[in-house]
Structure formats: structure tokens, C-alpha cells
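Structure, as C-alpha cells:
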Amino acid sequence: MSRPVFRFAPSPNGRLHLGHALSAIVNFERAQAAGGRFLLRFEDIDTERCRPEYEAAIREDLAWLGIAFEEPVRRQSEHFDAYRAALADLDARGLVVRSFATRREIATAAAAAAAAGAPWPLDPDGVPLFPGDTALLPADEIARRAAAGEPAATRLDMATAIDAAGMPLTWMETGEGPAGETGTVLARPETFGDVVLARKETPTSYHLSVVVDDALQGVTHVVRGADLFAATAVHRLLQTLLGLPEPVYHHHRLVLGPDGHKLAKSNRDTSLAELRAGGATPANIRRMVGLPA
């Protein structure tokens with residue numbers, strides 16, 4: 001019988017903070033308790049913001065916390081061909097659409113609709129849903145952009161994809177969702193609309209690369225923050241469409257800042273390195289994230 005496989009998959013675009021520490025520790029200790037393997041993966045598809053020095057810092061932080069991982073470490077930026085192949089499979093089956101509309105154009109249309117008293121539908125993350133290029137751009141503008149060879153994003157044709165996959169889809173949850181969901185959870189990928197699978201500047205997206213990587217690395221248990229609970233529905237849909245295995249999911253609580261929002265590198269929340277420089281020990285970090293020291 002094969003051993004369970006767990007993974008911690010940060011983006012090396014900044015220093016780790018307490019939220020990362022909680023996820024890394026929970027993953028590592030669950031892997032140990034199950035007699036399983038523990039992997040580190042660098043999700044660095046954003047090649048402009050991700051840097052080698054942040055990779056080195058992540059390794060340093062994990063070592064300081066007493067977390068060991070297998071080598072070699074997978075870097076997504078080295079495997080774009082795998083994501084292109086998955087996208088080509090979906091494309092060949094008519095499950096994707098191309099879009100020239102920008103995120104700014106979608107946001108502008110959503111803001112205008114709200115101002116006119118017609119609130120725009122949002123996905124579970126609060127992002128305006130994509131209504132299709134023809135709802136945002138004149139036909140001649142779409143034709144102009146296409147003729148000029150302008151880059152287009154590739155999106156999942158959600159309605160067609162759901163029909164192709166067969167519904168309902170579910171996943172096994174051993175943690176807890178925002179409304180207390182646990183056990184067998186019904187997946188509702190339609191709430192995300194036509195999600196991006198490849199960006200104009202990048203041949204993949206988080207949703208596509210994470211399911212491909214988990215399958216290629218044999219990940220059996222995905223342990224991550226509750227902020228990704230809803231997105232699991234999209235991942236289960238992609239796994240089904242691509243014939244990939246279904247991991248067990250465990251979504252854990254988030255570490256929140258004084259303002260009640262989840263910690264984020266983009267907010268420059270206090271890093272583990274800063275806490276360490278201030279005299280914190282690994283035991284202190286465990287207590288700060290609500291784990292026994």
C-alpha cells in the first residue's frame with residue numbers, strides 16, 4: 001500500500017508569515033502521523049514577482065521550524081509544458097473559451113452596474129463574474145484585437161464543462177468549511193463562472209497548475225487554508241475533466257491579523273524572519289498560531 005503524500009505549496013514572492021507557518025506545521029505533522037511523505041512545492045508561475053531569494057528564505061524558515069521535506073523541490077515555472085498539455089486536452093474537447101477582456105474592463109463594468117442599481121454577480125472570493133467578451137466589448141473591438149494578434153486569456157467554459165463532467169461532484173472534507181461543511185461536500189463550480197485557466201502573460205493559472213501538480217506528485221491529502229475551501233469545487237471539476245485522482249481535502253482555520261483579515265504577504269504582515277529576529281522561538285510561533293508548544 002502506498003504512503004499518503006502531503007504538500008506545502010507557497011508562492012516564493014515574499015517572506016512566510018504566521019499563516020504559512022500554521023499550514024506548513026499542520027501539513028508536516030499530519031504527514032508524520034500518517035507515516036506519509038511531505039513535499040515542498042514552489043508555486044512560482046508569476047515569474048516576475050517570484051524570486052530565488054524568497055525560495056531560500058522559505059527553506060530557511062521551514063528548517064528553523066523543524067520541518068523537513070523531500071528533495072528535489074518542484075518549481076511550477078519549470079513545468080509549463082505539463083500545464084499546456086492539460087489545457088490543450090480541454091481545448092480539443094471544446095471546453096475552453098478565449099477572452100480579450102481585461103480584469104480592469106470587467107471591474108469597470110461591474111462598478112458601473114452597481115452604480116446603476118444592478119449589482120454584478122460575484123464569485124465566492126468576491127470577484128466580479130466574467131459575463132463573456134460580447135457583454136463587455138463591441139463586436140468590432142473583439143475582431144480588431146483578434147486580427148491584431150493580441151494575447152487572450154483562456155477560460156473554462158463552465159456550463160459546457162459541467163455538462164461534460166456530469167454532476168453532482170463532491171469531495172471528501174476532513175476539515176471544515178465556512179458554514180461547518182465537513183464529510184462529503186457538494187461541489188458548486190458554477191459559482192465561479194468561466195474561471196481563467198491560462199493568463200495572457202502566463203500559460204497557466206493557479207486552478208490548472210495546482211490540480212496537475214497534485215496529480216503528477218501523487219498528492220493524496222491537500223491540507224490548506226479555509227480561504228481555498230470554495231475553490232475546491234473548481235479543482236474537483238478539473239480533476240474530473242482531466243481524469244486525475246481525487247485527493248482528500250482538509251481546510252484549516254486562518255490566522256487573522258488585528259483587523260480581522262487573513263495575513264498576506266501583499267499587506268506586509270510580520271514575517272517569520274522578523275519574529276525570529278525579535279527573539280521568537282519555534283515554540284513561540286506554535287503558540288502564536290494556536291498550536292500546542
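The values are calculated or read from the model by the stated rules, or taken from the named source; none is laboratory data. Quick caveat, the model's predicted, so the values are computed rather than measured. Cβ coordinates were reconstructed from backbone atoms using ideal geometry, including for glycine residues, and neighbour counts include every protein chain displayed.
Consider PRO12 carefully, then state whether it is of a type outside the set (A, V, I, L, M, F, W, C), within 20 Å of HIS207 (Cβ to Cβ) and buried (at least 16 other Cβ atoms within 10 Å of the Cβ). For PRO12, the condition - of a type outside the set (A, V, I, L, M, F, W, C), within 20 Å of HIS207 (Cβ to Cβ) and buried (at least 16 other Cβ atoms within 10 Å of the Cβ) - is met.
When restricted to residues that are loosely packed, with under 14 Cβ neighbours inside 10 Å and either touching a Phe, Trp or Tyr at 6+ places or on another chain (Cβ under 9 Å) or under 16 Å from ARG155 (Cβ atoms) (or both), segment 78-88 contains 1.
For segment 19-75, a tally of residues being among the polar types (S, T, N, Q) and in contact with a Gly (Cβ under 7 Å, 6 or more places away or on another chain) returns 1.
Could you please let me know if HIS221 is under 13 Å from the mean Cα position of the chain (by Cα) and either modelled with pLDDT of 95 or more or not assigned by TED's automatic domain parsing to the domain that holds ARG104 (or both)? Criteria not met by HIS221. Being surrounded by 12 or more Cβ atoms within 10 Å (Cβ to Cβ) and either in contact with a strand residue (DSSP E or B) (Cβ under 6 Å, 6 or more places away or on another chain) or in the same structural domain as LEU16 (by TED's automatic domain parsing) (or both): is that true of PHE130 here? Judged against the criteria, PHE130 is not a match.
Going residue by residue through segment 63-77, is there one that turns out to be of a type outside the set (A, V, I, L, M, F, W, C) and under 19 Å from VAL289 (Cα atoms)? Yes.
Candidates are the residues of segment 192-211 that are out of contact with any Phe, Trp or Tyr (no Cβ under 6 Å at 6 or more places or on another chain) and hydrophobic (A, V, I, L, M, F, W, C); the one that is surrounded by the fewest Cβ atoms within 10 Å (Cβ to Cβ) is VAL196.
Scan segment 163-191 for residues that are buried (at least 19 other Cβ atoms within 10 Å of the Cβ) and closer than 30 Å to ARG49 by Cα and the total you get is 1. Annotation: of all residues in segment 226-247 being among the small types (Gly, Ala, Ser) and surrounded by fewer than 19 Cβ atoms within 10 Å (Cβ to Cβ), the one that is nearest to GLU173 (Cα to Cα) is ALA226.
Only one entry in ARG74, ARG59, ARG103, ARG98 is at pLDDT below 95 and surrounded by 13 or more Cβ atoms within 10 Å (Cβ to Cβ), namely ARG103. Taken over segment 23-56, the criterion of being within 28 Å of THR204 (Cα to Cα), without any contact (Cβ under 8 Å) to a residue 60 or more places away in the chain and surrounded by 13 or more Cβ atoms within 10 Å (Cβ to Cβ) is satisfied by ALA24, PHE28, ARG37, PHE38, LEU40, PHE42, ASP44, ARG49, CYS50, ARG51, TYR54, GLU55. If you go through segment 72-98 and pick out every residue that is without any contact (Cβ under 8 Å) to a residue 60 or more places away in the chain and more than 19 Å from PRO10 (Cα to Cα), you end up with 5.
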